[in-house]
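Take a look at the structure below.
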Amino acid sequence: MSELAMKQPKTKSRFVREFNAIIAILARDITIFFKSPGAIISSFAMPLVMMGMLGGSLAQNMAGGLNFEYGPFMMVGMLVNMLFMTTIMGMTSLVEDRMTDFTQEMMISPISRYSIVIGKIFGSSFGAIIGMIGTLIVGLIMGITLEVHQLLMIFVLSPFICLSAGAVAISIMGIAKDNRTANIAVMLVTMPQMFLSGAIIPINNSSGVLYVLSRIMPMTYSLDLMRAVVYAGTPEYGNVILFNPTTSIAVIIAITIVGLVIGTFLFARSEKNR
């Protein structure tokens, strides 16, 4: 038997092992989610508070001077915000897993560190998808609707946005030593992005420091790409979109790759140094 023929089964076997590891970690997080009533309630309560109260107040007091309809603008912004925020918050459980030595048990298993991280990201993104559905329900109650093809594209892009958010989160979890530090770091990352990336407040006319900050926020590019998909072919496109979609895609890919590489390295090193 040739050497190439011997390598193919090994390669296939390793791929199956890594894939199974990702699915197992994903399934564990989904199980934990459904066993936590608080997580389920917050997935629907958070959109109600953030979109129904904060967004509703802004819509009544600010939208009059805009040259586009504020409702769909806010809807897309809150959908992306829920994906980013919930995924990043879900990744904080890595710190808890570290405290209970669960991560060390995963580390000694014969699977890639990247499979562990990616499985955890997708597990955290499950709650984000539920939160996104909650946002759509709140929007429907508020009379804000999107076309079917727009909703389909939003769901198609959602896993990639969650992966980007998870890549940002793992870089934080790699240096956080305890739950308190992780939670503070998450708030410092997620809250500025909600206001500076254009999720609920337009940033087209930002200048100076606010302009710079808005352009270095990772969520800005995910949000702009999502809006480019939703507003494609509409008269409001030029008034809402900041970048060419290819630029947004390139930045999202770069953030994801750099975040995964650096974050996984920091996460693995923190486990070795315990």
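Of everything in the range 175-186 that is assigned to a loop (DSSP other than H, G, I, E, B) and not acidic (Asp, Glu), the residue that is modelled with the lowest pLDDT is Lys177. When Pro218 is tested against the conditions (1) closer than 28 Å to Ser115 by Cα; (2) more than 17 Å from the chain's Cα centre (by Cα); (3) not hydroxyl-bearing (Ser, Thr, Tyr), the lone failure is (2). Counted as qualifying within the range 187-270 are the helices (runs of 4 or more DSSP H) with 3 or more residues that are crowded, with 19+ Cβ neighbours inside 10 Å and touching a helix residue (DSSP H, G or I) at 6+ places or on another chain (Cβ under 6 Å), namely 218-231. Considering only the range 185-200, I want to know if a residue exists there that is closer than 17 Å to Phe126 by Cα and of a type in the set (A, V, I, L, M). Within the range 185-200, none of the residues are closer than 17 Å to Phe126 by Cα and of a type in the set (A, V, I, L, M).
From the residues in the range 34-86 that are under 30 Å from Pro235 (Cβ atoms) and not in a helix (DSSP H, G or I), which one is modelled with the lowest pLDDT? Residue satisfying both the conditions and the ranking: Leu66.
The helices (runs of 4 or more DSSP H) located wholly in the range 96-174 that include 3 or more residues which are modelled with pLDDT under 85 and among the small types (Gly, Ala, Ser) occupy 113-141. Just one of the listed residues (Gly127, Gly143) is of a type outside the set (Phe, Trp, Tyr) and farther than 13 Å from Thr87 by Cβ, and it is Gly143.
The values are calculated or read from the model by the stated rules, or taken from the named source; none is laboratory data. Only a predicted model underlies this, so the values are computations on that prediction, with no experimental measurement involved. Neighbour counts run over all protein chains shown; Cβ positions are idealised from the backbone, glycine included.
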